[in-house]
Every structure is written in C-alpha cells, then in structure tokens.
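Scroll down for the structure; my scribbles are underneath it.
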Amino acid sequence: MESLSNRAKKLEKKPMTLAERAYLPAIFQGLSITMQHFFRAATKKQITVRYPEETRPFSPVFRGLHVLKRDEQGRERCTACGLCAVACPAEAITMVAGERKKGEQNLYREEKYAVSYEINMLRCIFCGLCEEACPKAAIYLQADKMAPPRYERDEFIYGKDRLVEPVSPDNRSKRGIQLTPEQADKLRGQLA
Amino acid sequence: MSLESLGWQGLVVLVVFGVSLLIATYCTYAERVIAAFLQDRVGPDRAGPFGLAQPLADAVKLFTKEEFFPSGANKALFIFGPCLAMITALMSSAVIPFGNFLKFGDTVVHLQGIEINVGMLYIFGIVSLGVYGIMIGGWASNNKFSLLGAIRAASQNISYELAMGLALIAVLMMSGSLSLRDITLQQTHAGGWHLSDIFTWNVFKQPLGFVIFIVCAFAETNRTPFDLPECETELVGGYHTEYSSMKMGLYLFAEYVNVFVATAVMSVLYFGGFNYPFQYEFLDFLNKAGLSADWAHNLFVLMGVVAMFMKIFTGIFFFMWVRWTLPRFRYDQLMRLGWTILIPLAIFNILLTGGLITFHVIQ
Ligand code: SF4
Ligand code: SF4
C-alpha cells in the first residue's frame with residue numbers, strides 16, 4: 001500500500017540486545033525519569049490548579065450559563081417567538097407567551113413577551129444554537145459563568161428569575177427604566 | 001529472663017506494634033504524596049497542615065462506610081480474611097532488631113520484640129501464612145474476580161517465595177546463623193578501619209542475591225509491578241472486590257505493614273540493620289565527652305535505631321517510586337520471570353557464594 005503522506009516510518013523489529021532483555025537498565029532509566037519529575041514537583045512547579053483558591057481563565061468563546069438580555073432602556077428583549085426552542089437540539093427550552101398590557105411598555109420591548117421562560121440546564125448541551133437563532137438578540141451564553149452544581153434535579157430548571165439580566169428596582173434610573181411602584185414591587189417579588 | 005526484663009520486653013513489643021501501625025498509616029499518605037510528585041501533582045493537602053491529617057480522615061471515612069456482605073458469601077470467612085491478613089502482617093515485625101540493647105544499670109532492654117535464633121525462618125513462616133488472608137477473603141466473597149485474584153496471589157507467592165528463600169540461603173551461608181540479630185552484628189567491624197563500615201554490608205557481598213531478593217519482595221508484598229492479585233484493569237479489584245468499609249481498609253493497611261516489614265528485613269539482611277558508618281568513632285566521642293558509660297552506650301544505640309529507620313524509609317520510598325514508574329507485568333511474564341530466571345539465578349548465586357567462601361574471598 002502506498003502511503004498517503006511521506007511521513008510513515010519504517011519500523012524494524014530487531015532482536016533485543018542482552019541489556020534490553022535484562023530489563024534492569026530500562027527500569028533504571030524509567031526510575032531516573034520519574035525522579036526528575038519528583039524534584040520538579042517538589043520545587044513547586046506542579047501542574048495542578050488548586051481550584052477554590054485559583055481558577056483557570058475562561059476562553060473568550062466559552063459558552064456558559066444563559067442570560068436573557070434587556071435593551072438599553074432596561075426592557076426585556078425576548079418576544080417569545082420560540083425560535084430558540086425550535087433551534088435547540090436538546091429541547092431544553094420551554095416558554096409561555098403573553099400579550100403586553102397597556103402601561104407595560106417600559107418592561108417589555110415587543111407587544112408579545114415571555115410570561116415564563118425556562119431552560120433545563122441538565123438537558124442543555126451549551127451548543128449556543130439558541131443564541132444564533134434569536135432574532136431579537138435576547139439570549140446569550142455568558143463566557144464567564146457556568147451552571148453550578150446542585151443537589152436537586154428541579155433546581156436545574158432555570159426560570160426567568162435566574163435567566164433575565166438582573167436589574168435591581170433601586171438602581172433603575174441608572175439603567176433608564178421607569179417603573180411604577182406596583183411594577184417595582186412585582187420585580188422585587190420576582191427577584192426574591 | 002527476669003520478670004522485670006520480661007516487662008520491658010513486653011513494652012518493646014507494644015512499641016514495635018504501635019510503630020508499625022503508625023508507619024503503615026503514614027505510608028498511605030506518603031504513597032499519595034509521592035505518587036503526586038512523581039506525576040507533577042500536589043497530592044492530598046487539604047486535611048490539616050500539608051494534608052497530614054489525611055490518614056485520620058480516611059480512617060473516619062472507612063469506619064463510617066456501609067458494612068457490605070455479598071449474597072452467598074461465607075460470612076465468617078469473609079470477616080476472617082482481612083483479619084488474618086492484618087494479623088500476619090503485624091506478627092512478622094516482632095523479630096526484627098530495630099536496635100541493639102539499651103542499658104539501665106543492670107537492666108538490659110533489647111530493642112527487638114523477641115530474639116529467637118530462627119528469626120529468618122519465623123518471618124518466612126509468617127509471610128507464607130499471609131497469603132491465606134488474601135485467599136480466604138477472595139474465596140469467601142463468592143465472586144469470580146475475587147477468586148481469580150486469590151488464586152493469582154497464591155501461585156505468585158509460592159513461586160517467588162522459592163526464589164527468595166534461595167537468595168537468602170546465600171546470605172545464611174555467610175552468616176551461619178538464622179538469627180536476624182546475629183546477621184546484623186556480623187555486618188560491621190568491631191573497631192578497626194571504620195570508613196569501610198559500609199562495605200561490610202551484605203549488599204556488597206551479595207549484589208546478585210540482593211537484586212533477586214528485592215524483586216521477590218515486590219512480588220511477596222503484591223506491589224506493582226507484581227500487583228496481579230488486585231490488578232484493577234482485569235479483575236475489578238482482585239481479591240478485595242467485594243470488600244467495603246474497614247475490612248477493605250484492613251487489606252490495604254496490611255499491604256503497607258507488609259511493605260514496612262519487607263523493607264525492615266531488607267535493611268537487616270543487606271544494609272547492615274542498625275549499623276551506621278563511623279559508629280565506633282561516635283561511641284568513642286561520646287565516651288570522651290564525659291557521659292556515663294551507660295548513657296554513651298544508649299545514645300550510640302539510639303543513633304543505630306535512627307539509622308535503621310532511615311534505611312527503612314529509604315526502602316519504602318523506593319517501593320513507592322517503583323510503583324509509580326513501572327507498568328504491571330502480564331501474568332505469564334510474571335511466572336516466566338519467577339521460574340525460569342530468578343530461581344536459576346538464585347541457584348547460581350548459591351554456587352558462586354559457596355565457591356567464594358571456599359576460596360576465602362568472602363566469609
Ligand atoms: S445552548 Fe443549545 S442546548 Fe442549550 S438551550 Fe441553547 S440551543 Fe438548547
Ligand atoms: S430568546 Fe430570542 S429566539 Fe428565544 S423566544 Fe426570545 S426572542 Fe425568540
């Protein structure tokens with residue numbers, strides 16, 4: 001058979017020399033190699049990352065925990081079109097759509113919005129297809145956050161309370177949102 | 001032996017017992033740290049300073065684990081297996097001389113559990129009993145993997161004990177005594193040219209025998225590269241597959257006690273036991289320094305104990321170093337090495353030693 005690349009090496013099987021058959025020289029060679037590693041580790045060049053104290057930097061293209069963005073005025077961008085749910089290969093996304101009431105224009109950008117929006121983080125494979133599918137630039141996978149481990153399965157179903165970009169009712173002016181007192185109370189309840 | 005010195009001797013036995021357990025405990029820690037360092041890692045460092053409380057944490061964990069009995073297992077033997085492994089491992093440390101004797105006026109305390117003139121035979125007897133612990137445990141668990149592990153342990157021990165015994169015969173031909181204390185005392189000059197103290201060690205007179213002995217010691221203690229009885233890639237966990245909680249802990253622990261004893265025997269037989277270089281100069285120095293004769297002697301002997309333990313620790317380190325360097329042998333390779341290489345070599349070594357003794361090259 002002709003080799004496709006010319007990198008193939010011809011291997012010859014020579015009979016072993018006496019030193020090779022005695023096995024001991026090879027053992028000492030191996031021992032000296034591991035000893036070099038021993039001293040390297042002892043002089044503090046271990047490759048271990050001591051996790052809780054040290055963390056590794058995330059790659060800038062890391063796909064982590066989702067976030068539902070707000071627009072410049074602090075309104076939710078998602079219009080509950082369901083394209084993300086359709087695009088999701090793991091069927092991790094469910095939502096219930098609702099119509100925006102009068103006086104809620106400062107909360108939701110479009111006339112239709114997601115009353116509930118849930119992602120099951122146990123199903124999600126963090127492929128990022130939802131992000132690509134979204135026409136409203138509403139959903140993103142953050143590059144610096146992971147879905148943390150939990151004890152119960154239902155704690156992995158993230159609702160709007162944990163997905164929507166947080167805006168605290170108290171610094172609303174900074175984000176440009178005008179909330180009525182009732183809306184602020186509702187938002188507080190959601191965040192709690 | 002007077003009643004008082006009998007009491008002292010009992011104390012020594014207890015201390016030896018405690019020390020073996022302590023060393024085995026910290027072997028589990030050392031093994032992990034050494035393994036980690038050899039692989040550029042850090043090893044356990046969370047429990048206590050430098051992770052030194054790790055063995056304690058392990059013990060707590062093992063004691064609180066579920067006590068599991070496989071169905072169809074022979075319950076009595078299932079419990080008896082690990083106990084036997086542990087008992088035999090501890091028993092063999094009784095005859096090892098960790099030091100010469102201490103003097104308190106008329107009282108003489110030998111730093112050795114019991115001095116018997118067949119010490120070497122005793123150790124051999126106990127070590128060959130040790131494989132019963134593994135066999136009984138493996139058989140009683142009613143599991144095919146355990147049984148296979150047990151059978152491997154048995155045949156491995158039989159094969160390698162033969163070569164080990166033959167390697168020892170060469171040492172015994174030179175010493176003319178089975179007593180470990182005598183063998184130690186012979187490996188030094190009583191006065192004279194002291195730098196050569198080291199070269200009185202048997203390892204320089206018996207290099208071939210020593211290599212055979214150490215290979216067999218690895219096989220006898222079931223350590224890598226000869227850990228076929230537990231061989232996790234083929235046999236799940238080998239003879240202790242079905243074991244949980246402290247019964248499992250006893251098996252693992254017995255292995256470390258065995259390593260400790262094996263290295264202790266090795267330092268007695270080949271590395272001069274409690275002898276150390278420049279020891280008589282040290283004694284002279286102590287005597288001249290104005291200490292009473294008793295105390296000079298005692299300090300001299302205690303240094304010997306330190307030397308003995310340094311040899312033991314070096315040996316244990318070597319065992320672990322090898323474990324994290326070499327891959328495991330295949331079973332047929334193991335048997336071939338034992339029967340067709342080590343045993344003939346050991347017999348050749350006996351002939352060689354006999355020849356050298358006859359022509360007074362060594363004695
Ligand atoms: S990242 Fe992929 S799997 Fe996860 S919700 Fe989005 S589309 Fe579904
Ligand atoms: S996140 Fe985007 S794609 Fe998904 S429902 Fe909302 S607007 Fe549509």
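General observations
- Relative contact order computed over segment B:177-298 (Cα-Cα under 8 Å; 6+ residues apart), in percent: 37
- From largest to smallest, the equivalent ellipsoid semi-axes obtained for chain A from the alpha-carbon gyration tensor read 57, 23, 14 Å.
- Within segment B:313-361, chymotrypsin sites (Phe, Trp or Tyr not before Pro) in DSSP loop having at most 15 other beta-carbon neighbours inside 10 Å: B:F359
- For the protein assembly as shown, the fraction of 1.4 Å probe accessible surface lying on carbon and sulfur atoms is 65 percent.
- With a simple spin-label model that places each label point 7 Å from the Cα along the Cα-to-Cβ direction, the separation between A:E155 and A:Q29 comes to 5.3 nm.
- Chain B and chain A together bury an accessible surface of about 1600 square angstrom, both sides counted, with a 1.4 Å probe and no ligands or nucleic acids included.
- Accessible area of segment A:109-166 divided out per residue, in Å², using a probe of 1.4 angstrom: 61
- Viscosity 1.306 mPa s, 10 °C: Kirkwood-radius Stokes-Einstein D of segment B:201-273 over Cα pairs, µm²/s: 117
- For a straight C-alpha distance cut-off of 19 angstrom, the lysines reachable from B:K103 (same-chain residues fewer than eight places away being disregarded) are B:K288.
- Whole-number percent relative contact order across chain B, with pairs defined as alpha carbons under 8 Å at least 6 apart: 24
- Placed amide H near A:V164: partners under 5 Å, 5+ positions off or other chain: A:L68
- Whole-Å distance, taken between Cα centres, linking segment A:117-167 and segment B:257-324: 64
- Within chain B, the longest run free of GluC sites (Glu not before Pro) that sit in a DSSP loop with at most 16 other Cβ atoms within 10 Å is B:116-363.
- A:V96 - accessible surface, heavy atoms, 1.4 Å probe, Å² rounded to 10: 80
- Ellipticity estimate at 222 nm from DSSP helix runs (n ≥ 4, -39,500 (n - 2.57)) divided over chain A, nearest 500: -7000 deg cm²/dmol
- Relative contact order for segment B:98-192, counting Cα pairs under 8 Å that sit 6 or more residues apart, in percent: 27
- Stretch in chain A that is longest and holds no trypsin sites (Lys or Arg not before Pro) that DSSP places in a loop and that have at most 12 other beta carbons within 10 Å: A:51-100
- Qualifying GluC sites (Glu not before Pro) in segment A:1-71, where qualification requires a DSSP coil assignment and no more than 14 other C-beta atoms within 10 Å, comprise A:E2, A:E12, A:E53, A:E54.
- Zone of A:I47's modelled label, taken as backbone nitrogen in segment B:18-51 under 15 Å from a point 7 Å along Cα→Cβ: B:36-43
- Remark: segment A:140-157, residue by residue, has Karplus-estimated 3J(HN,Hα) of 9, 9, 6, 8, 10, 9, 10, 6, x, x, 9, 7, 10, 5, 5, 6, 8, 8 Hz, where x stands for each Gly or Pro and the curve is 6.51 cos²θ - 1.76 cosθ + 1.60 at θ = phi - 60°.
- Residues of segment B:305-342 buried by at least 30 Å² on assembly (accessible area, 1.4 Å probe, chain alone as reference): B:F317, B:W321, B:T325, B:L326, B:F329
- Straightening the chain between B:K65 and B:I357 buys 99.4 nm, computed as 0.36 nm per residue apart minus the Cα-Cα spacing.
- Contact residues in segment B:24-68 by the 50 Å² criterion (accessible area, 1.4 Å probe, full protein complex versus chain alone): B:F37, B:L38, B:D40, B:V42, B:R46.
- Normalised convex hull volume, segment B:33-103, alpha-carbon set, Å³ per residue: 216
- Two-decimal Rg/Rh across the protein assembly as shown, once Rg and the Kirkwood Rh are taken from alpha-carbon atoms: 1.17
The values are calculated or read from the model by the stated rules, or taken from the named source; none is laboratory data. Since we're looking at a predicted model, the values are computed, not measured. Cβ sites come from the backbone with ideal geometry, for glycine too, and all protein chains shown count toward neighbours. These area figures cover heavy atoms from the full protein model, side chains too; ligands, DNA and RNA do not enter into them. Shrake-Rupley method; radii C 1.70, N 1.55, O 1.52, S 1.80 Å.
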